[in-house]
Amino acid sequence: FRSFVGWFRGWFRVGWVGSGGFGWFRVVPPFSINVLFGPGKKNLRSSIPDNLQLSVYGKIIKKVNEAKFLGVLLDEDLSWKPHIAKLNKTLKSACGRLYRIVNCLPAKLHKQIYHSLFESHLSYAISVWGGVAISNLDPVFRTQKKCIRIMFGDTNLFLEKFRTCVRARPIDKQKLGKEFFCRESSKPLFTHENLLTVQNLYRLRSIMELVKIVQSKEPKPIYQTLNISKRSGNRFLTPEPSIYFSYRAPWLWNCFRKLPRLENFGLDSDENLIKSVLKKSLLETQKYHSNYMVCLWNL
């Protein structure tokens with residue numbers, strides 16, 4: 001640990017060389033923090049004293065459990081749960097704003113407003129945090145369906161049920177059951193508007209970013225972690241299973257190449273063409289299958 005701190009101090013002293021030229025970093029204690037990242041690091045935590053402090057040139061760097069970097073909340077376990085929780089609050093706030101203005105806008109602008117005020121937050125850096133367990137994505141998916149009902153659903157039909165006097169209903173309809181409070185299904189709305197669920201947005205973005213990285217060979221640290229098969233140059237040898245991009249993106253690419261429309265595509269194919277065919281395949285699975293998560297692997 002001391003050798004790392006020594007290297008760290010020297011690195012900040014000499015600066016760095018990047019694609020844009022030579023630059024310098026400056027550690028400002030009030031605005032600088034340190035986080036011990038990495039899953040499964042209990043042994044490492046136990047080996048470091050609780051009162052140990054990291055300092056650079058005599059300035060103590062505060063230790064925290066979470067840090068925000070480029071709009072993504074990084075927790076020390078890299079589980080992405082704090083980021084997803086914060087994102088869900090942002091999306092719920094966007095739903096509230098959309099609910100207040102949706103009736104004031106022409107219907108032809110609803111889809112554009114959805115992309116601008118809701119999906120832009122939902123899809124930001126989704127290839128980083130979207131590979132988590134299905135249960136962790138459920139709150140975000142529920143909020144997305146709520147937004148879809150607000151923007152494209154028949155709200156008046158739902159509210160009309162509460163405006164109707166009880167005595168105006170037939171005697172057998174006066175006792176309100178489960179069907180009365182049942183919400184409108186969001187699946188036909190996704191299909192009609194050609195919109196992807198959060199799970200399929202993650203698949204689309206991950207695969208497209210993987211294709212960009214392979215074709216441009218940038219950024220090099222990520223490109224060097226990819227293991228392209230020498231026998232078949234259009235497939236990847238995946239590392240140990242995890243929720244991170246280095247495993248999920250190559251695994252998704254290998255799965256999608258099994259689809260009839262994508263079996264002839266390679267990593268050097270036109271990027272826009274791959275995206276177009278891939279999105280059509282994802283929309284078709286949403287239309288004909290009830291389970292968004294596993295239907296693709298059954299094709």
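The values are calculated or read from the model by the stated rules, or taken from the named source; none is laboratory data. Keep in mind that this is a model prediction, so the values were computed, not measured. Cβ atoms come from the backbone with ideal geometry, glycine included; neighbour counts cover every protein chain shown. Keep in mind that these areas ignore ligands, DNA and RNA; they rest on the heavy atoms of the full protein, side chains included. Shrake-Rupley method; radii C 1.70, N 1.55, O 1.52, S 1.80 Å.
Would you call D77 out of contact with any Leu (no Cβ under 9 Å at 6 or more places or on another chain) and not in a helix (DSSP H, G or I)?
Yes; evaluated as a whole, the condition is true for this residue.
Sort through L54, L87, L70, L74 and tell me the only one that's at pLDDT below 90, over 13 Å from I33 (Cβ atoms) and hydrophobic (A, V, I, L, M, F, W, C).
Within the list L54, L87, L70, L74, the selection yields L70.
Considering every residue within the stretch 203-223, establish whether at least one is part of a loop (DSSP other than H, G, I, E, B) and out of contact with any Phe, Trp or Tyr (no Cβ under 8 Å at 6 or more places or on another chain).
yes
With respect to I84, is the statement that it is closer than 26 Å to V128 by Cβ, over 25 Å from the mean Cα position of the chain (by Cα) and open to solvent by less than 30 Å² (accessible area, probe 1.4 Å) true?
Considered against the rule, which asks whether it is closer than 26 Å to V128 by Cβ, over 25 Å from the mean Cα position of the chain (by Cα) and open to solvent by less than 30 Å² (accessible area, probe 1.4 Å), I84 comes out as no.
Has the stretch 94-108 got at least one residue that is without any contact (Cβ under 8 Å) to a residue 40 or more places away in the chain, touching a Ser or Thr at 6+ places or on another chain (Cβ under 9 Å), in a helix (DSSP H, G or I) and over 22 Å from Y247 (Cα atoms)?
yes
I need every pair where a residue in the stretch 200-227 that is closer than 22 Å to I134 by Cβ has its Cβ under 7 Å from the Cβ of a residue that is in a loop (DSSP other than H, G, I, E, B) and open to solvent by 20 Å² or more (accessible area, probe 1.4 Å), sequence separation at least 6 or different chains.
Matching pairs, first to second residue: N200/Y292.
Starting from residues that are surrounded by 14 or more Cβ atoms within 10 Å (Cβ to Cβ) and in contact with a strand residue (DSSP E or B) (Cβ under 7 Å, 6 or more places away or on another chain), keep the ones in the stretch 229-251 and report whichever is farthest from V128 (Cα to Cα).
Across the stretch 229-251, the extreme among qualifying residues is F236.
Would you mind stating whether L176 is in contact with a helix residue (DSSP H, G or I) (Cβ under 9 Å, 6 or more places away or on another chain), modelled with pLDDT of 90 or more, part of a loop (DSSP other than H, G, I, E, B) and over 30 Å from N65 (Cβ atoms)? Steps first, answer last, please.
Numbers: in contact with a helix residue (DSSP H, G or I) (Cβ under 9 Å, 6 or more places away or on another chain): yes; modelled with pLDDT of 90 or more: no; part of a loop (DSSP other than H, G, I, E, B): yes; over 30 Å from N65 (Cβ atoms): yes.
Here the answer is no, as L176 does not meet what is asked.
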